[in-house]
1. Just to be sure I understand, how many residues within the range 91-106 are among the polar types (S, T, N, Q) and open to solvent by 70 Å² or more (accessible area, probe 1.4 Å)?
2. Give me the pairs, please: first residue somewhere in the range 118-135 and assigned to a strand (DSSP E or B), second residue anywhere and among the hydroxyl-bearing types (S, T, Y) and open to solvent by 70 Å² or more (accessible area, probe 1.4 Å), beta-carbon distance under 9 Å, and either six or more positions apart or on two chains.
3. Take the residues in the range 1-57 that are hydroxyl-bearing (S, T, Y) and farther than 30 Å from S133 by Cα, then tell me which one is least open to solvent (accessible area, probe 1.4 Å).
4. Quick check on the range 107-115. Is at least one of its residues part of a helix (DSSP H, G or I) and open to solvent by less than 50 Å² (accessible area, probe 1.4 Å)?
Amino acid sequence: MDPRFKALPGCPVCWHTGRKEFFDIRDAKVLECSHCHLRYLDPCLSSEAMASMYESTETLKKAHEFHEKYYGYGDLSKPSKTREEFEKAISILERHIPSDEEKRIFDVGYGNSFFLALAQKKGWRVDGIDTSSQNAILAKADIGSPWLPVV
């Protein structure tokens, strides 16, 4: 296994060890926790590899050429592949929330907070955390994000 990755002994949220395979993605599996139903990748990036990869746009692009155009985001008024995917995700979430229930979301690893900004624009109450101080700087500069990193 690539040394940047680590296998998880259980769910990264509740640490329950019961899980089922949801589907495969290249060298990883998407698993579903049988206790809290979180779906997550296993193996996943280690904390050190994650911090290093998300240190800057340049390091993310170096990880895989796929990221070269995908991370063209930051302006709510401009179309991008990322915006399209985020709006699709928000739409999916909205289908599962009763109309009389407050729409709230907490984004772990918010990047420059573009996803949260889109959700907020659609009436969601948003919050989030990120481990990258560079992402916190980008979020504050580009979106005016009030969120701070957890370092």
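1. So the answer is 1.
2. D130/Y54
3. To start, the set of residues in the range 1-57 that are hydroxyl-bearing (S, T, Y) comprises 17, 34, 40, 46-47, 52, 54, 56-57.
Now narrow it down to the ones that are farther than 30 Å from S133 by Cα: 17, 34.
Values: T17: 99, S34: 67 Å².
By that ranking, first place goes to S34.
4. yes
The values are calculated or read from the model by the stated rules, or taken from the named source; none is laboratory data. Here the structure is a predicted model, which is why all the values come from computation and not from measurement. Counting neighbours? That spans all protein chains shown, and the Cβs are built from the backbone with ideal geometry, glycine included. SASA here: full protein model, heavy atoms, side chains in, ligands and nucleic acids out. Shrake-Rupley method; radii C 1.70, N 1.55, O 1.52, S 1.80 Å.
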